[in-house]
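Notes for the one structure printed next.
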Amino acid sequence: MPLRHALAGVLILLGLVQQILAFSGIVLLPHGVGYALWLATLLLWRDIPRRTRWQAGALAVIGLGLLVVSRWHYGAPVAWPTVTSGNTYVVAMLVGVSFIGLIGNRSGSSRPLGRPVTGRRGTAGTWLGVHLLGTILNLSTVFMIGDRLARRAPLTTPQLLALNRGLSSAALWSPFFASMGVVMTLAPGMEYSRVLAIGLPLALVSGALTTFELSRRFDLTEVAGFSLSPRSLLMPVAMAALVMLFHFQLTPELGIVSIITFLLPAVALASNLPAGPRWTWHRVRQHTLTRLPAMRGEIALFLSAGLLTLGLSTLVAAATGSEWRLFAHFGALQAVISFLAIVLSAVAGLHPIIGVSVLASMLDLRGSEPTLFAFTALASWAVGTSVGPLSGINLSLQGRYGVSGYRMMRLNLGYALVLSALVVGAIMLLDAWL
């Protein structure tokens, strides 16, 4: 093993440790998480697959270019020491989630998986499993279920699409999703009960649409799905219960992503300690030196996408200012236009959070408008992340399972068009209800 691989693995682990310590107010080095992760990425750069390397490099260069233009052309203040911090909280969570591999497997051998659930039922089980557990565990559910399916054979296109759509559609209603946290911050006057009443049925329709469409486009006879049996659900459900315990009782001040970041490594350590400190140290050392450097593709893409997001948001804020308003009134027509614009920007490669944040900065929401804005933002997030080649879910699938984000975009275009039509109808219904 090259020395730089070992050093990069230690730096990635150090980034995770710094992020966890920051939750308790202990900061070893300001912005040290970003510094450690970026340095590890540079050490591993030559080993990143060529396509991923070019994509991550382009994102980083464009992001830096936008920051330079914002600073020197518009005079915008840019805190240069902080530019490495974009998406570090997501990367830290991904690193924490990787410790799932250390839970409940002391011998290193895999248990027999039994006969898989296949066909339309299996695909529906994959969508439903990711959707239900993803409402709480977010992106980590994709790895839990995806890795389980990948133990049989490399993931097929229908399996990848079910994972993608099962998670992204949870943004329509889950109170624990990152999208809901952003929306509640931007529109604190929203009525969640009304958003739930529209968003949850729409999410279930998207699941039925996914199952029907995939069964028509692909032969699902031999496509393994996720079984919703008690045995297969034991670990994800137990983790979800622990997350809820920490979220509502033990650490209510922390968000779901933060809790997952420290909880999964802690559970992994606790599950190995009964075998002795020496065994635990061996497992952690092996994980640090082999598994963490192997995450180089995921880490590079997320860090580079975070730099692009920072550069773009800085440029937009500097160019537009804060006084101008896009719409004098935010009704159904304005909501539909905004939804379509954000989804199109996601197809172009921008994360929906950029469009949602920019839109909120150009509105003056009053009365019932925050609720309509909230649903519009959540729906654009749900559709945009499913089809956007640089969304978190597609970057994760590319980094973890090797499927191109742009291929996922092409495969999801038809689904996105149909779901967008349903969203437009839902926006009109919600506007009439308010």
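Numbers below:
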item: Matching residues in the stretch 235-275 - criterion: being within 15 Å of L16 (Cα to Cα) and modelled with pLDDT under 80; result: V257
item: Subset of the stretch 30-49 that is in contact (Cβ under 8 Å) with a residue 60 or more places away in the chain and outside any helix (DSSP H, G or I) - its residue that is nearest to P265 (Cα to Cα); result: I48
item: Filter pass, I337 being closer than 22 Å to E369 by Cβ, out of contact with any Leu (no Cβ under 7 Å at 6 or more places or on another chain) and among the hydrophobic types (A, V, I, L, M, F, W, C); result: yes
item: Search result, residues across the stretch 353-375 that are on the phi < 0 side of the Ramachandran plot and not in a helix (DSSP H, G or I); result: M362, L363, D364, L365, R366, S368
item: Residue match in the stretch 154-174 (condition: over 16 Å from L209 (Cα atoms), in contact with a Pro (Cβ under 8 Å, 6 or more places away or on another chain) and not in a helix (DSSP H, G or I)); result: no
item: T221 being assigned to a loop (DSSP other than H, G, I, E, B) and of a type in the set (S, T, Y); result: yes
item: Residue list for the stretch 53-69, restricted to those being exposed (fewer than 14 other Cβ atoms within 10 Å of the Cβ) and over 23 Å from the mean Cα position of the chain (by Cα); result: G65, V68
item: Unique match (being surrounded by fewer than 23 Cβ atoms within 10 Å (Cβ to Cβ) and outside any helix (DSSP H, G or I)) among V83, V27, V17; result: V27
item: Which listed residue is of a type outside the set (S, T, N, Q) and surrounded by 15 or more Cβ atoms within 10 Å (Cβ to Cβ), from L209, L245, L234; result: L209
item: Residue in the stretch 392-400 that is more than 17 Å from E191 (Cβ to Cβ), part of a helix (DSSP H, G or I) and either over 13 Å from the mean Cα position of the chain (by Cα) or charged (D, E, K, R) (or both) present; result: yes
item: Only listed residue being at pLDDT 80 or above, hydroxyl-bearing (S, T, Y) and surrounded by 24 or more Cβ atoms within 10 Å (Cβ to Cβ), chosen from T118, T123; result: T123
item: Leading residue by the ranking (farthest from A360 (Cα to Cα)) among those in the stretch 182-199 that are in a helix (DSSP H, G or I) and out of contact with any helix residue (DSSP H, G or I) (no Cβ under 7 Å at 6 or more places or on another chain); result: A197
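The values are calculated or read from the model by the stated rules, or taken from the named source; none is laboratory data. As the structure is a prediction and not an experimental result, all values here were calculated from the model. Every residue, glycine as well, gets a Cβ built from its backbone with ideal geometry; the counts of neighbours run over all protein chains shown.
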